[in-house]
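Before any comments, here is the structure.
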Amino acid sequence: MAWKVGAAVAVLLGFVGVSGGVGSGPDPRRAGWRDAYRAPTEIPFPAENPYTAAKADLGRRLFFDPILSGDGTRACATCHIPDLAWGDGRARAATRQQGDMDLRTPTLVNIAWQDGPLGWDGKFRTLEAVAAMPMASPGNMNLPMPDALARLSSDPSYAAAFATAFADPEITRERLEAALATFQRLIVTGTTPFDRWIAGQEDAIGEPAKRGFDLFNGRAGCASCHSGWSFTDNSFHDIGVGVGPDIGRGRFKPTSLALQYAFKTPTLREIGQRGPYMHDGSVPTLSAVIDLYNRGGIDRPSRSRSIKPLQLTAAERADLLAFLATLSTSTGRDLVTISFAAKAPAP
């Protein structure tokens with residue numbers, strides 16, 4: 001878990017010293033911080049579900065096909081929309097009846113680097129285990145798994161696709177989940193201005209963004225949770241947002257004080273395209289997100305020790321926004337029409 005180690009280092013380093021403002025030089029720790037954000041060389045696939053082009057093809061077809069919903073009106077792509085950074089742009093996901101679910105649709109960007117448990121509250125053990133719940137949920141796709149398997153098995157073209165991907169035409173829950181997860185692990189952010197800067201192109205981002213990077217890793221302490229190339233420690237924290245029965249990971253860990261109101265740290269990749277923010281969509285803009293962290297959120301026993309009032313100036317908040325803007329690409333990778341190669345693509 002390389003980025004969990006990185007997060008621990010960030011906690012130790014991030015709150016010592018003060019990042020400079022406009023007119024001051026770069027933080028002397030900047031070069032060391034930059035090393036922690038270098039791009040990986042390959043997409044990680046688990047040994048029990050290795051990449052194959054046939055599985056990726058099948059997973060993509062399943063992802064976009066409303067055959068996996070009871071009335072044929074919803075697919076995985078109904079909530080995970082490629083043009084919306086693989087989210088849906090809503091404060092909370094829409095139910096089949098056009099109401100609101102309890103939580104916002106999480107992005108699938110860089111899901112290959114998300115360690116389990118997954119989901120805002122950690123209800124899913126692995127990526128392979130995610131598909132069954134939304135498929136069977138009456139408010140979502142409303143198709144029990146046995147019915148989904150029977151429906152796919154009666155389709156000759158799906159039988160042929162499963163036979164190509166798994167060496168025989170039997171369609172099982174495990175194979176369905178494996179194919180979907182294989183495709184989803186290919187949802188990787190493109191090269192951003194930030195990545196070009198990390199790779200050595202000094203003019204790829206402006207001076208305000210560089211000062212924002214220093215703040216992010218230094219006095220503001222953002223990197224204590226949003227660490228490494230994928231900008232997440234894959235952990236759960238109470239940042240002072242959830243209220244009432246909205247206790248996140250605490251539903252599954254009721255005896256843990258620290259996990260009451262704790263939610264999974266999301267990646268910050270493509271963050272500019274993913275508003276509104278937080279697990280419940282309660283914060284409308286990135287500027288409001290920074291204001292929330294500047295105030296420190298709700299002060300309570302479960303609140304993370306990394307969350308505290310920051311006393312950032314208006315100029316510092318603007319620098320953080322400039323930095324966050326460098327984490328998005330102008331166009332996403334084409335995963336809808338491309339042909340998958342025999343070897344998994346590089347990130």
### Message
In whole percent, and with a 1.4 Å probe on the protein chains, what portion of the accessible area of the range 218-347 is carbon and sulfur?
### Response
60 percent
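Between Ile298 and Asp102, 0.36 nm times their residue separation minus their Cα-Cα distance comes to what? Don't skip to the end; give the middle numbers.
Numbers: separation 196, 0.36 × 196 = 70.56 nm, distance 2.01 nm.
That works out to 68.5 nm of additional length.
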### Summary
Under a Gaussian network model of the chain whose springs join Cα atoms within less than 10 Å, the largest fluctuation of Phe63, Phe252, Phe236 belongs to Phe252
### Message
For the pair Ala150/Ile67, report the inter-label distance in nm, with labels modelled 7 Å from Cα in the Cβ direction.
### Response
1.6 nm
### Most mobile listed residue (Ala159, Ala136, Ala148) in the chain, GNM with C-alpha springs under 10 Å
Ala159
### Candidates Thr326, Thr265, Thr191, ranked by Gaussian network fluctuation over the chain, Cα under 10 Å, top entry
Thr191
#### Entry: For the range 264-338 versus the range 55-78, the gap between their alpha-carbon centres in whole angstrom
30 Å
### Message
Can you find, among Thr105, Ile239, Pro117, the residue sitting farthest towards the positive end of the charge dipole of the chain, where Lys and Arg contribute +1 and Asp and Glu -1 at Cβ?
### Response
Ile239
## Note on the structure
Taking the dipole of the range 174-216 about the Cα centre (Lys, Arg +1; Asp, Glu -1; charges at Cβ), the one of Ala199, Ala179, Gly212 that reaches farthest to the positive side is Ala179
### Subset of Lys253/Lys308; Lys55/Lys210; Lys55/Lys253; Lys210/Lys264 violating a 32 Å alpha-carbon distance limit
Lys55/Lys210; Lys55/Lys253
### Query
Per residue, how much accessible area does the chain show when a 1.4 Å probe rolls over the protein heavy atoms, in square angstrom?
44 Å²
## Note on the structure
Amide H proximity to Asp280 below 5 Å, modelled H, separation 5+ or other chain, gives Arg104
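The values are calculated or read from the model by the stated rules, or taken from the named source; none is laboratory data. Bear in mind the structure is a predicted one, so any value in this text is a computation, not a measurement. Cβ coordinates were reconstructed from backbone atoms using ideal geometry, including for glycine residues, and neighbour counts include every protein chain displayed. Note: areas computed on protein heavy atoms with side chains; ligands, DNA, RNA excluded. Shrake-Rupley method; radii C 1.70, N 1.55, O 1.52, S 1.80 Å.
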